[in-house]
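Taking it in order: structure first as structure tokens, then the write-up.
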Amino acid sequence: MSCNDTGGWKITAQGVAGTAADAAAQTVLKASNASSTDIATGTATSGNTSNWAFKVTGDTASGYTAFSAVPATAQTVATSSDPVFETTVTAAYRVWVSTTQEADTYTGYVKYVLSAPL
């Protein structure tokens, strides 16, 4: 990413379930079958709780640099007040599926928005 705005920039992240066009903010991985259980956001990596999480890394990343629950409202994940700055921001995802989770297709999104000025 490259920015030349003297006011800086920020990137926010917010969970969105269903389809990418779904305006309702949700933090679950939505099951396609109504009889299946959605996968909630969280940081579990063992046990009977299925969870999904995300993190953002890079030299301008802030607040979500370790695997974290997906936020339901827009949260800043990277920022710079430098008027001319180039950087790389990388998003990663992790899903823990318990042995009791139903086999299904699960859909969810994290929406990222770049805005300037800061």
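What follows is calculated from the coordinates using simple rules that are stated; it is not laboratory data. As the structure is a computational prediction, the values presented were derived from the model and not from experiment.
The HN-Hα couplings worked out from phi for segment 35-43 by the Karplus form 6.51 cos²θ - 1.76 cosθ + 1.60 (θ = phi - 60°) are 8, 8, 8, 4, 9, 6, 6, x, 10 Hz, whole numbers, x standing for Gly and Pro.
Taking 0.36 nm per residue of separation and subtracting the Cα-Cα distance, full extension of the segment from VAL97 to ASN48 would add 16.8 nm.
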